[in-house]
Each structure stands twice: as C-alpha cells, then as structure tokens.
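Below is one structure, written out as structure tokens, with a few remarks after it.
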Amino acid sequence: MTINIPSHKLIRNEEDEDEPVVDDWEIFKSSYYKLFTNKSIETMHEKQYQRLVDQIKMHNDLFKQGKSTYEMGINEFADYTEEEYQMLEGVKFTMDDLKNTDVVEAFAPINGQNFTVFGALPDEVDWRKRGYVSPVKSQRKCGSCHIWSAIGAIEGAYKKKTGKLISLSVQQVLDCTPNNACLGGWMTTTYDYLKKIKGVESDASYPYKARKNKCAYKKAKSVTSIKGFINIKSGDEDALKYAIATHGPVAAAIDASRPGFKSYKRGVYFDKNCSSTALTHAILIVGYGKDKKLGDYYLIKNSWSTTFGMKGYMKLARNKNNHCGIATGASVPLL
C-alpha cells in the first residue's frame, strides 16, 4: 500500500525550460510524501519509478530533436503501478450514451449544422481568463473523473448564467447516485441525477472525500440545478470548437491509457497510437488555440492535482482526426 500527499516541491511552471528530470528516489519520496507499508512494496514502486525515469529521458531526447510535440516529466504518479494508474481512469460508457438527447433549438448548430452563417469563431479561447474555471483539484485514487468533468462544465455554465464561479460538490454525486462512481461511469449519470433532484451543493458545504459515503444532500444548501444536457455530434471537431467558443467549458472523455499521458509536462500532446473510441478518462475542455511551433490544440483541465502537466492542465492535439477521442463523447449542460 502507498500513501502519498502531494507536495509542491517538484511542481513545474509552464515557462520552465530544460529543467532536469529528478531521478533520485529519496528526493522523489520526500517531495511527494510517499510512505510504504513494507520494504518489498517500496522496492516494487522504486523499480516502476526508475523504469519511468529512463523512458522520460529517452522521450525528451526526441522532443529536443523535434521528433515529438510534447515533453514528459516526473509527477506524483511516477511510481504508480498499472493497477494504481487505472484507478485514475474512470470512464465507462455504451454507444447509447453518445446519442443526442435534450436537443434545444438554440444549440442546434452544435449538432452539425452549417457554421458559416454564425460568423467566424475566435482563433483562441481560454475560459480561465474570463473566470469560468474553478481551481484544479485531485480526484485521488477514485475513478470519479466523469463526475469532475460534468461538474466542471456545470460550474462554467453557472458562471455564464449568474456571473458567479462556485466550486460545486463532486462528493454529492459520488454519494447519492446508485453505483460506486469510484469504479467509473459516464458524465450523463451526473447530468441525469442533478436534473432529477434539481440541486447540487457547493464543494465547501459538501466536500470531496474520494470514496463513496452515505448520501447527505440538503436541498436548502443547493446552489443550482440543471435542465438537461446536449451531446455534441460525435467525432465532429467543428461542432466541438463551436461549443467551446459559444457555450463555455465542455465535458469530454479521452483515451488516457498511452504511456506518455500520465507523465505529460508541457507541449502539445500527440500519440499516433491514441484511440478515438477506447475512451478511458474524462476531462474538461476549457479552451483551444494554436501553438506556432507545435500546431493546433485543445486546452484541457485534468483532475489529477496541479502536479500533473502544466499546473493541472494539458494541451492536446486538435484537428488531428479526433485525436484520443476528444470529440467522441463531448457534452454541455443546460441550466
């Protein structure tokens, strides 16, 4: 068993250039407060860590040579076994989950109509700059990413409607929906539940515990409710761009199973073997843009703490044939 409380000692700024990979196991343990129940478990984790350090150094040589569009680095997951890493991936869905539901005429363009009549969309969008995105948090070892994704989209929609940004309760959905959401799920479960009960508390009043507990929702503490949601036309990156630009942050799922994903540090993430259909992890799209050297990207917010990527964010390749399935199962809530 591993116990870790992330520290900020090894958090890297996006602007940091040529920062060496920390390859000292003792420094790594101290930086991320890694504690192990016995020596054999620690040895297993140290071997995993050292293997990853070697992989990172090899990959970053390719990045420096211009043969890769992203750089890898050490974060709190560097010693995770495959089983532990899979606990961070919490997407489970069927093709029925991708069907359009609750389609409202005002959002019809999202579902594949001609975009030219609506005028040009901005070349770059970053909803963080407009105060639509709450701070990066950590789902910890609970596959609740699908809730974080949906709640993040609702937070953005609430900001758009009221002018107020409030961190909403992921734990409420985790506790009050029938299945153990730490074992995975899909964003529509969150939407359907909140539409039915007509309320969600703030994270401050119903804080995150990273495990399922008895439902303790109090209607009197509800911040907002939702009317429904829209599934953006599956695989349509033009529709996805329109939704991001005109609606706000968008809930989506991607294939996060490739080796380089968990160690992403900066750059535009692209992996030619990333699947557009085998989705494993839910995230929040908070913008898009174009890097002059590395190409078009989506700006995504993860729920793996600020030790991941660029202080919790990633740039993922855009207009690359629905890379990693970013447009396969995207959705927006309706408030």
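One table, with the values for the structure above:
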| read-out | value |
| --- | --- |
| Matching residues in segment 31-45 - criterion: being touching a Lys or Arg at 6+ places or on another chain (Cβ under 9 Å), closer than 19 Å to Lys262 by Cα and without any contact (Cβ under 8 Å) to a residue 40 or more places away in the chain | Ser31 |
| Filtered residues of segment 285-308 (kept if of a type in the set (A, V, I, L, M, F, W, C) and not in a loop (DSSP other than H, G, I, E, B)) | Ile285, Val286, Leu299, Ile300, Trp304 |
| Residue satisfying all of: in segment 113-149; at pLDDT 95 or above and of a type in the set (Ser, Thr, Tyr); surrounded by the most Cβ atoms within 10 Å (Cβ to Cβ) among these | Ser149 |
| Test: residue in segment 235-251 that is surrounded by 24 or more Cβ atoms within 10 Å (Cβ to Cβ), under 15 Å from the mean Cα position of the chain (by Cα), of a type outside the set (D, E, K, R) and closer than 28 Å to Tyr49 by Cα | no |
| Breaking point among (1) over 21 Å from Glu82 (Cβ atoms); (2) surrounded by fewer than 24 Cβ atoms within 10 Å (Cβ to Cβ), for Asn273 | (1) |
| Scope segment 181-197; condition surrounded by fewer than 19 Cβ atoms within 10 Å (Cβ to Cβ) and under 19 Å from Lys209 (Cα atoms); matching residues | Leu183 |
| Where a residue in segment 133-145 is within 12 Å of Leu183 (Cβ to Cβ) and its partner, wherever it lies, is surrounded by fewer than 23 Cβ atoms within 10 Å (Cβ to Cβ) and modelled with pLDDT of 95 or more, with Cβ under 6 Å and at least six apart | Cys142/Ala210 |
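Conditions tested, residue by residue: (1) farther than 30 Å from Gly228 by Cα; (2) assigned to a helix (DSSP H, G or I); (3) at pLDDT 95 or above.
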residue	(1), (2), (3)
Ser40	yes, yes, yes
His45	yes, yes, yes
Gln55	yes, yes, yes
Glu76	yes, no, no
Glu83	yes, yes, no
Val103	no, no, no
Ala106	no, yes, no
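Here's the yes/no breakdown for (1) under 25 Å from Tyr191 (Cβ atoms); (2) in a strand (DSSP E or B):
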position: Asp238; (1), (2): yes, no
position: Gly260; (1), (2): no, no
position: Val268; (1), (2): no, yes
position: Asn273; (1), (2): no, no
position: Ile283; (1), (2): yes, yes
position: Lys315; (1), (2): no, yes
position: Lys320; (1), (2): no, no
position: Thr328; (1), (2): yes, no
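The values are calculated or read from the model by the stated rules, or taken from the named source; none is laboratory data. Not measured: the values here are computed from a predicted model. Quick reminder, even Gly has a Cβ in these numbers, built from the backbone with ideal geometry, and neighbours come from all protein chains shown.
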